[in-house]
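Asker: Once you've had a glance at the structure underneath, I'll fire off some questions.
The values are calculated or read from the model by the stated rules, or taken from the named source; none is laboratory data. Because the structure is predicted, anything quoted here is derived from the model rather than measured. No Cβ is skipped: glycine too gets one built from the backbone with ideal geometry, and neighbour counts run over all protein chains shown. Just the protein is used for accessible areas: all its heavy atoms, side chains included, with ligands, DNA and RNA removed. Shrake-Rupley method; radii C 1.70, N 1.55, O 1.52, S 1.80 Å.
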Amino acid sequence: MTAQLIDGNALSRQLRTQVAERVGALKAQGLTPGLAVILVGALLAAMLSLGRLFAEAIENAPPGPGDALRVQGVPNGRVFLYATLPQVLPQLMSYTLYRWENNIRAAAILGVVGAGGLGQMLAFHMGLFHMPKTATILLAMLLLVVIVDLASYATRRLMMR
């Protein structure tokens, strides 16, 4: 086998072209690069906080069931699937649904500052003093939060059986 050499200049040109295309696509969608950075930052923050919470939940799971399976010679992947995951799954779902609800609320706030969606519609109609439309949008936001809460409640009840 021969090792392939990477042409640094070609790679640099390719990356610059891809970045320029992505920025152009964001501008075509009405998003500025600064706003795109905020959106990506919010996404990463949500993912990283969930990852930390998941790791802590798995780390704090009682080791007894997993140890019993390991003594029997069960591989680590199956120990996780059959001993650890059933213990922490309700907690993981709870964290996930909580972050989903927070993201819905954050999306409304980001929309008001120009990211689009319901928040942008809310800001637009409030600016024009279209109060019936503003009330409808607020009702839609409230309905989304209630749906998430109901889904969270139903999921928790199913997982506790």
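Asker: Kindly indicate whether any position in the stretch 132-152 is part of a loop (DSSP other than H, G, I, E, B), farther than 21 Å from Ala55 by Cβ and of a type in the set (Val, Ile, Thr).
Answerer: no
Asker: Go through the stretch 117-126 and report how many residues are free of Cβ contacts under 8 Å to residues at least 12 places away in the same chain and under 21 Å from Tyr98 (Cα atoms).
Answerer: Of the residues in the stretch 117-126, 1 are free of Cβ contacts under 8 Å to residues at least 12 places away in the same chain and under 21 Å from Tyr98 (Cα atoms).
Asker: For the stretch 60-70, which residues satisfy the criterion of being outside any helix (DSSP H, G or I) and open to solvent by less than 60 Å² (accessible area, probe 1.4 Å)?
Answerer: Ala61
Asker: Ok, one more. Regarding Tyr95, is this residue part of a helix (DSSP H, G or I), in contact (Cβ under 8 Å) with a residue 40 or more places away in the chain and open to solvent by 40 Å² or more (accessible area, probe 1.4 Å)?
Answerer: yes
Asker: Could you check the stretch 38-59 and list, in sequence order, the residues that are surrounded by 11 or more Cβ atoms within 10 Å (Cβ to Cβ) and free of Cβ contacts under 8 Å to residues at least 12 places away in the same chain?
Answerer: Correct list: Leu43, Ala45, Met47, Arg52, Glu56.
Asker: In the stretch 127-161, how many residues are open to solvent by 90 Å² or more (accessible area, probe 1.4 Å) and in contact (Cβ under 8 Å) with a residue 60 or more places away in the chain?
Answerer: 2
Asker: Filter the stretch 106-126 for residues that are out of contact with any helix residue (DSSP H, G or I) (no Cβ under 7 Å at 6 or more places or on another chain) and open to solvent by 50 Å² or more (accessible area, probe 1.4 Å); which is farthest from Met47 (Cα to Cα)?
Answerer: By that ranking, first place goes to Phe124.
Asker: Taking interchain pairs and intrachain pairs at least six residues apart, which have beta carbon atoms under 6 angstrom, with the first residue in the stretch 71-92 and within 18 Å of Glu56 (Cβ to Cβ) and surrounded by 13 or more Cβ atoms within 10 Å (Cβ to Cβ) and the second modelled with pLDDT of 90 or more and aromatic (Phe, Trp, Tyr)?
Answerer: Correct list of pairs: Leu92/Phe54.
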